[in-house]
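Just below is one structure, and these are the notes that go with it.
The values are calculated or read from the model by the stated rules, or taken from the named source; none is laboratory data. All values reported here derive from a predicted model rather than from experimental measurement. Heads up, the Cβs are rebuilt from the backbone with ideal geometry, glycines too, and the neighbour counts pull from every protein chain shown. Ligands, DNA and RNA are stripped out before the accessible areas are found, and what is left, the full protein with its side chains, is counted by its heavy atoms. Shrake-Rupley method; radii C 1.70, N 1.55, O 1.52, S 1.80 Å.
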Amino acid sequence: AQSVTQLDSQVPVFEEAPVELRCNYSSSVSVYLFWYVQYPNQGLQLLLKYLSGSTLVKGINGFEAEFNKSQTSFHLRKPSVHISDTAEYFCAVSVRGSGGGADGLTFGKGTHLIIQP
Amino acid sequence: DAGITQSPRHKVTETGTPVTLRCHQTENHRYMYWYRQDPGHGLRLIHYSYGVKDTDKGEVSDGYSVSRSKTEDFLLTLESATSSQTSVYFCAISWDNNEQFFGPGTRLTVL
């Protein structure tokens, strides 16, 4: 079985400052990695994903993440945040070769990003 | 949006009553999932389906059942609701590359 640890439950950041949200995973097999964002009272929206290839992945809204296999990490970064980035962010994994996502995603507990003016 | 709707969007019910939540997709995706979201737990997989009449259990399946008689509909049933099933329920769909698209959610309160 796989697990996901998001090391910070809450991250306060000033507007226009950089931010990093940390995600570590544990799995005995190869995985795909995802970051989702959830704005208040809404569903989840995919920010970015790592399936294969370049370990630096760029997503929507200026976010990027880097897959580090040796450290089993997939940290999310943004060089300059805005008030509109205030949301809950979830890291998730799925098992490679599981028949196209049949087994579902395993999520971390989420990180609440709070942007301070 | 990926063409996923959930109904109802909000429901309040009493302990011991049956409840059915519906997920409907217009994308003809093969895979469908039900998750619950609770504070401090993130999202946890309840059940999933990999085709019509093909379903399997997820991490937190106790107290829940599902059915999928058509590609576009995936039903989640709480046979006898309990207060511990108060949660926000999300449906998701996937084609075949592990990327999942989520519905808007159903907020269920069991009194």
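A few points about this structure:
- Going by accessible surface with a 1.4 Å probe and the largest first, A:Val11, A:Val81 read A:Val11, A:Val81.
- Kirkwood-Stokes translational diffusion coefficient of chain B, alpha-carbon pairs, 25 °C, 0.890 mPa s, µm²/s: 178 µm²/s
- Area buried, chain B against chain A - accessible surface, total, 1.4 angstrom probe, square angstrom: 1700 Å²
- Percent of Cα pairs exceeding the 23 Å cut-off, where the set is the protein assembly as shown: 47 percent
- Cross-link pairs exceeding 24 Å between alpha carbons, from the set A:Lys49/B:Lys53; A:Lys49/A:Lys69; A:Lys109/B:Lys53; A:Lys69/B:Lys57: A:Lys49/B:Lys53; A:Lys109/B:Lys53; A:Lys69/B:Lys57.
- Under DSSP loop assignment and at most 14 Cβ neighbours within 10 Å, longest GluC sites (Glu not before Pro)-free interval of chain A: A:17-117
- Apolar share of the accessible surface for the range A:3-116: 48 percent from carbon plus sulfur atoms, 1.4 Å probe.
- For the set B:Asp56, A:Asp8, solvent exposure ranked by accessible area (probe 1.4 Å, protein chains only) runs largest to smallest as B:Asp56, A:Asp8.
- Sequence-distant aspartates and glutamates (8 or more away, or on other chains) whose Cα lies within less than 15 Å of A:Lys78: A:Glu15, A:Glu16, A:Glu20, A:Glu64, A:Glu66, A:Glu88
- Alpha carbon convex hull of the range B:60-108, projected area averaged over orientations, nm²: 4.2 nm²
- Calculated on alpha-carbon atoms, Rg and Dmax of chain A in Å: 13.8, 45
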